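One structure is given here, and the rest of the page talks about it.
The values are calculated or read from the model by the stated rules, or taken from the named source; none is laboratory data. None of these values were measured; they are calculated from a predicted model. Neighbour counts run over all protein chains shown; Cβ positions are idealised from the backbone, glycine included. Note: areas computed on protein heavy atoms with side chains; ligands, DNA, RNA excluded. Shrake-Rupley method; radii C 1.70, N 1.55, O 1.52, S 1.80 Å.
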Amino acid sequence: MAARILANLLVAGSMVLGRAVVQAYQKAILNANKTGVAQEALNNMQRVRKAMTEQEARLILGIGEKTTWEEILQKYDALFEKNAKSGSFYLQSKVHRAKECLEAAYQSKGGQPS
């Protein structure tokens with residue numbers, strides 16, 4: 001009998017707590033929408049997602065406008081390996097994104113990236 005009462009109390013308490021959490025979440029969403037925090041968060045996410053420009057990619061790889069695709073690959077390989085050895089994943093990913101950006105630019109211009 002005592003176990004049944006205890007189980008009922010646990011279930012009832014869980015339901016009350018669950019409702020309170022849901023209500024608090026809904027209130028937080030409403031407040032965020034009223035104050036503009038939600039829109040600001042979305043704007044920040046969109047800024048982060050912006051693609052790298054061709055100019056930024058060239059700066060990262062340290063190459064000029066007239067660099068051939070083979071020279072880009074050589075520079076990419078050297079920088080990628082150097083950052084792999086030193087353990088800088090952030091720089092390594094920047095180098096990789098720069099190569100991807102330039103690859104897309106060369107393909108759109110009719111180039112032949114390998």
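Some values worked out for this structure:
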| quantity | calculated |
| --- | --- |
| Surface accessible to a 1.4 Å probe, per residue, for the residues of the chain, Å² | 78 Å² |
| Taking the chain and dividing mean pair separation by its residue count, relative contact order in percent (alpha carbons under 8 Å, at least six apart) | 23 percent |
| Reachable aspartates and glutamates, given that their alpha-carbon falls under 13 Å from the alpha-carbon of residue 66 and they are not under 8 places away in the same chain | 54 |
| Length released on extending from residue 89 to residue 22, taking residue separation times 0.36 nm less the Cα-Cα span | 20.2 nm |
| Option label - percent of Cα pairs over 19 Å apart computed here, alternatives (1) 66; (2) 54; (3) 43 | (1) |
| Cα shape, segment 65-107, gyration tensor, a/c 1.5 rule | oblate |
| Portion, in percent, of the accessible area of the chain that falls on carbon or sulfur, probe 1.4 Å | 60 percent |
| Per-peptide average of other Cβ atoms within 10 Å, ordering 24-31, 59-66 highest first | 59-66, 24-31 |
| Residue among 2, 63, 17 farthest towards the positive dipole end of the chain, charges placed on Cβ | 2 |
| The chain - mean residue ellipticity at 222 nm from DSSP helices (-39,500 (n - 2.57) per run, n ≥ 4, rounded to 500) | -28000 deg cm²/dmol |
